[in-house]
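Report on one structure; see the data block that follows.
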Amino acid sequence: MSTQGQDRRKPASPATGAAQAAAASTLPVDDRHDFALASQGFIATLPDADVGKAWSQAPFAFLEGERPDTVHPSLWRQAKLNAIHGLFKVCDGIYQVRGFDISNVTFVEGRDGLIVIDPLTSAEPAAAALRLARQHLGDKPVTAVIYTHSHVDHYGGILGVATPEEIRGGLRIIAPEGFLQAAVSENVLLGNAMSRRATYMYGGLLPRDARGHVDSGLGKGTSRGRVALVGPSESITHTGQRLKVDGVDIVFQVTPDTEAPAEMNFQFPEHRALCMAENCTCNLHNLYTPRGAQVRDAKGWSHYIEEAKQLFAGQSDVLFASHHWPRWGVDAGMRFLDKQRDLYKYIHDQTLRLANHGMTPLEIAEVLRLPPDLGDEWYTRDYYGTVSHNAKAVYQRYLGWFDGNPANLNPHPPQQAGQRYVELAGGAQAILDNAGAAMARGDYRWAAEVLKHLVFADPGNAAARELQADVFEQLGYQSESGPWRDFYLTGALELRNPRPPADKPRQASAGQLRTLNADDLLDSLSVRLNGEEAGRAKFGMTIAFADTGERFALWLENGVLHHAATAPAGLDCPEVALSREVLIDLVLGDPLSGDPPSGPGTAALDQLLPMLDRFDLWFEIAAP
């Protein structure tokens with residue numbers, strides 16, 4: 001995609017400048033407590049946290065200057081905090097590297113080496129963090145890895161702290177029960193769609209400057225290195241489970257369906273330190289993430305925070321998490337947990353209260369505000385999740401996508417609706433005139449709404465695309481939420497710079513696909529099956545994986561692809577032998593990395609492969 005549109009980016013409008021000034025007037029700008037916490041325990045860093053193409057803080061040097069009106073004043077503050085990077089001492093025996101990715105990696109000194117908690121998104125920054133830790137803690141081996149939960153920024157960089165040989169040799173990898181199922185569901189079954197939407201949510205296409213990506217709220221941004229999915233060797237199944245890991249005692253609390261489907265908190269009794277995973281961070285988190293994922297259980301989330309407080313907080317002198325900076329002191333930790341607990345419970349309870357009055361998700365989101373005792377804290381602000389979209393998430397979890405109005409039961413999709421709206425308005429120029437007037441008075445939300453219909457009705461209308469880009473830009477500048485800002489600004493970028501069509505699908509990275517076990521790999525093929533292409537076809541084969549010795553029956557019937565240990569009675573499933581890598585090559589259309597398939601089942605495999613879709617990462621979002 002061309003980036004010439006970067007030169008066409010606009011400054012903040014007078015309306016945006018006024019909105020930023022109004023926001024700034026409500027903030028306690030002299031409160032520097034978080035800056036002290038974010039710097040406490042600093043040991044050393046790499047210049048600009050620079051690890052090459054995968055990650056660097058150098059592009060964010062602009063944050064050292066004065067805030068321009070193109071950035072919300074509260075997000076600017078959070079961006080400066082998230083720019084503080086390096087190796088930090090949490091307490092004796094526990095250290096964190098922060099600012100080398102969107103997430104933190106934690107190192108715990110064990111009897112024989114280092115226990116690694118959450119090895120970042122990709123291998124390169126994880127390896128750099130480990131080198132930095134070893135420079136100051138000693139050249140110690142990694143003796144275990146702990147995943148706090150099933151999101152990629154907490155496991156994807158494992159090959160930066162452990163070699164494949166070490167993993168095959170029995171390295172302890174500990175995760176909450178259900179970790180692998182949750183990770184596969186989110187990052188493989190829907191990996192293409194979620195990866196594409198993540199380019200919007202994390203501003204991956206945006207320049208790093210005051211008119212582009214400044215921060216993700218949860219951290220600076222995501223790294224761009226090698227990602228792998230390696231399953232755990234041990235699962236934590238129940239609260240109170242206790243393990244001795246490299247001589248270190250750890251007590252676990254399972255917290256399913258909180259910030260992730262599979263997640264856990266844990267305490268180090270000898271260190272009097274509590275890890276809250278991603279259940280308590282220095283912002284309001286997502287009950288629904290705009291990149292797309294299952295809606296989270298706000299009530300359960302609140303319950304597990306209270307449970308952690310009852311189990312551990314009174315015995316913990318420090319509380320740390322998978323993002324942001326720790327809180328020191330028993331009382332400070334207690335207060336933090338209380339506010340985080342009530343943050344999610346308040347949004348849950350008040351959304352249901354208003355829904356019971358008959359209000360719709362849009363109406364609830366428009367009026368719901370945090371009470372002063374919650375809203376006055378920096379660590380409850382909308383840097384990542386927002387009260388607005390979290391209220392809609394609570395509604396969706398209980399009542400689904402339908403608001404009850406029959407007119408919304410079967411509406412037209414965007415292109416067909418757009419054509420009708422343009423006709424109703426009296427043509428494209430009428431839409432442009434109305435949106436231009438809204439833009440002039442600073443009513444950007446309405447301008448975005450009416451222009452959406454014109455862009456989808458006529459994506460080639462250059463004036464509509466440009467004006468919608470201008471509108472998105474101002475909405476992005478005014479957003480306190482890092483993801484909202486990046487969504488708006490990426491939409492503006494792509495509207496100004498249409499991506500040329502490709503002659504074949506531009507597929508997302510196959511890194512996680514290639515590290516899947518055979519069972520999950522075959523399961524992932526079912527969502528690639530084009531049901532229309534399959535039609536009435538019914539056939540099967542027995543896959544014999546030459547590299548693992550595993551055998552699975554794989555068969556197609558009723559437009560659905562199944563696999564199991566044995567074939568269904570009465571269905572002929574001739575054998576085809578191949579390696580996992582070769583099967584992935586065939587599915588993706590890559591050159592074969594091993595021997596081609598062999599055996600009588602190759603004919604069935606040849607029949608199946610053309611029915612499997614190859615997903616294009618760069619599908620359109622802001623236009624049809």
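At a glance:
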| item | result |
| --- | --- |
| Footprinting exposure proxy for I43, I174, I158 (fewest neighbouring C-beta atoms within 10 Å first) | I43, I174, I158 |
| Net charge of neighbours whose Cβ lies under 9 Å from the Cβ of P141, counting Lys and Arg as +1 and Asp and Glu as -1 | -2 |
| Environment charge at E177 (Cβ cut-off 15 Å; Lys +1, Arg +1, Asp -1, Glu -1) | -3 |
| In sequence order, calculated HN-Hα J values of the stretch 283-291 (Karplus, 6.51, -1.76, 1.60; Hz; x Gly/Pro) | 5, 6, 8, 8, 7, 9, 8, x, 6 |
| Local electrostatic count, G93, Cβ distance below 10 Å [Lys/Arg +1, Asp/Glu -1] | -2 |
| Contour excess over end-to-end distance, with Cα ends at R369 and A24 and 0.36 nm allotted per residue | 122.4 nm |
| Share antiparallel - DSSP beta bridges, the chain, percent rounded to 5 | 70 |
| Amide H contacts of V145 (H built 1.01 Å from N, under 5 Å, at least 5 apart or other chain) | V116, R172, I173, I174 |
| Distance from the stretch 579-612 to the stretch 1-76 (C-alpha centre basis), Å | 48 |
| Cross-link pairs K80/K392; K53/K140; K309/K345; K140/K244; K309/K339 - those with Cα-Cα distance over 22 Å | K80/K392; K53/K140 |
| Segment V560-A502, length gained on full extension (0.36 nm per residue, minus Cα span) | 18.0 nm |
| Beta bridges by DSSP in the stretch 512-624, antiparallel share as percent, to the nearest 5 | 75 |
| Footprinting exposure proxy for E473, E449 (fewest neighbouring C-beta atoms within 10 Å first) | E449, E473 |
| Neighbour-count order for K220, K309, fewest beta carbons within 10 angstrom listed first | K309, K220 |
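Rule-based calculations on the coordinates, nothing more; no lab input. Just so it is clear, the model here is predicted, and its values are computed rather than measured. A quick note on method: Cβ atoms are made from the backbone with ideal geometry, for glycine too, and the neighbour counts reach across all protein chains shown.
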